[in-house]
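The values are calculated or read from the model by the stated rules, or taken from the named source; none is laboratory data. Just so we're clear, the structure is a prediction, and the values are computed from it rather than from any experiment. With ideal geometry, Cβ positions are generated from the backbone for all residues, glycine too; neighbour counts draw on all protein chains shown.
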Amino acid sequence: MKKISILNYGLGNIRSLYNSINRVSGNVSLYTEKKNDNFDILFIPGVGSFAKAMQLIKENEFYSIIKKAKKDEKIVIGICLGMHLLFQQGTENGLNNGLDFIDGTVNILYDGKNFKLPNIGWKKIQVIENCELNFMKNFNNKKFYFVHSYAASPKNIEDICTKTKYKEIEFVSMVRKKNVIGMQFHPEKSGDIGLDLIKNIINYF
Amino acid sequence: MRIISRLDIKNEFVIKGINFEGLRKIGDPSELSEKYYKDKADELILYDAVASLYGRNNLFHIIKKITKNIFIPVCLGGGIRTLNDIKIALESGADKVAINTAFVKNPKFLKQATENFGVSNIIASIEAKKVSENEWEVYIHNGRDKTGLMVNNWIQEIQDIGCGEILLTSVDSDGTRSGFDLKLLNYINKNKISVPIIFSGGCGNFEHIKSIYKVFSDEAIAIASALHYNKLKIADVKKQLNI
């Protein structure tokens, strides 16, 4: 059975992520309760803002743990803000460097008039044709729960897995580059379909 | 439109009153939460109906229990007064907290809350009661006490400070199942509100939802009594609205 760890790097609602992984896999722990890097899959949840999250990660030993996991070809999965951190730079509260696993930046969705942020609610994901994760075709046009004001803009189109529309804006809702995956939506809060996706990802690798 | 199931809780039971008065027992929070989860609710709001009056929230253990089986966003409201309360709520499995009384008494707490936990976890809850033909007042302590603060002024202040969502409950319509308070909706001028709104109070049947859907399809509604008394099923509503 694959060992799964959730990076518990600050104050946040990671309990629902824990509960959902626990439901589909059963072998999950929080990375602070058990201080060892004996895991196959590392989840990076989102907590607060890009700047604050990177600061918390760098202040603790988490930075080297994440980098090492990536280097050792373990699976690294970022959710929501955790996805943003996988990129080179974020623009939330000033320019900040991310983990630099995927080329691109993270920007505010849109700041025009009558455009409500955060984008909260259930939206469809559209799977890009050349997405290499075969199981994703089963999730094409399924609705997942989103809550975010910023979105990632990957530089390389081959890193994009799904896209989603909010009003007239299309943004990247899932990325994958080798052993690194990012999801803008919250599979852990997207009902049975979300649990199914988590299960598929865990079983794929 | 997000359709949210709202459960008001007192002493381990889901309860419901009319205009926040005359509370009646409905059932067990865990069982009802799972029922609404299976009925395709987009989110759940659990509100401790007496917490702010007695100065504490008693639902942490209930949240802990229900979130083991429910995989949609769960918001906890009622009696949350400190950053530590928010921390415990999130650690218990809540995804968001809804706060009314503590924000009204100390707007700086709203700023502290969003700075520490991010805006998306923080819902500013407003209990609005009509006081004259064109004016609604902010009430606290679960619709019991007036504040002298007018709803539109308070919405402006909340937005200037920043929050993730606004939960707006019509005290006059709550529990009546006689329809959403469309005059209140008109009064707040939703186009000037830059964060998502959850409108609560008065939903009794599908026609009520249809009447608000026309002007409110980008926002969210919360339903309590109509679900508790089996007047509506969320899955049916979604099918009929094709959402």
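Here is how the numbers come out for the structure above:
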read-out	value
Residue match in the range B:52-64 (condition: within 11 Å of chain A (Cβ to nearest Cβ) and either within 17 Å of residue A:17 (Cβ to Cβ) or touching a residue at least 40 places away in the same chain (Cβ under 8 Å) (or both))	yes
Enumeration of residues in the range A:133-143 that are away from every other protein chain (no Cβ under 11 Å) and under 17 Å from the mean Cα position of the chain (by Cα)	A:133, A:136, A:139
Any chance residue B:82 is farther than 17 Å from residue B:122 by Cβ and β-branched (Val, Ile, Thr)	no
Strands (runs of 3 or more DSSP E) (entirely within the range A:135-205) containing at least 3 residues that are over 23 Å from residue B:95 (Cβ atoms) and touching a strand residue (DSSP E or B) at 6+ places or on another chain (Cβ under 7 Å)	A:160-166, A:169-177
The range B:190-218 residues that are more than 14 Å from every other protein chain (Cβ to nearest Cβ), paired with ones that are polar (S, T, N, Q) and buried (at least 18 other Cβ atoms within 10 Å of the Cβ) (beta carbon under 7 Å, 6 or more apart)	B:200/B:169; B:201/B:169; B:201/B:170; B:201/B:173; B:202/B:170; B:202/B:173
Scope the range B:70-85; condition part of a loop (DSSP other than H, G, I, E, B) and either hydroxyl-bearing (Ser, Thr, Tyr) or within 11 Å of another protein chain (Cβ to nearest Cβ) (or both); matching residues	B:70, B:71, B:72, B:73, B:82
Residue B:67 more than 11 Å from chain A (Cβ to nearest Cβ), out of contact with any Cys (no Cβ under 6 Å at 6 or more places or on another chain) and among the hydroxyl-bearing types (Ser, Thr, Tyr)	no
Candidate set from the range A:113-132 (those that are assigned to a loop (DSSP other than H, G, I, E, B) and away from chain B (no Cβ under 11 Å)); member that is modelled with the lowest pLDDT	A:130
Pick from the range B:86-127, criterion part of a strand (DSSP E or B) and not aliphatic (A, V, I, L, M), ranking: nearest to residue B:145 (Cα to Cα)	B:127
Filter result (polar (S, T, N, Q), over 15 Å from residue B:6 (Cβ atoms) and either more than 7 Å from chain A (Cβ to nearest Cβ) or in contact (Cβ under 8 Å) with a residue 40 or more places away in the chain (or both)) within the range B:93-130	B:101, B:106, B:112, B:114, B:120, B:121
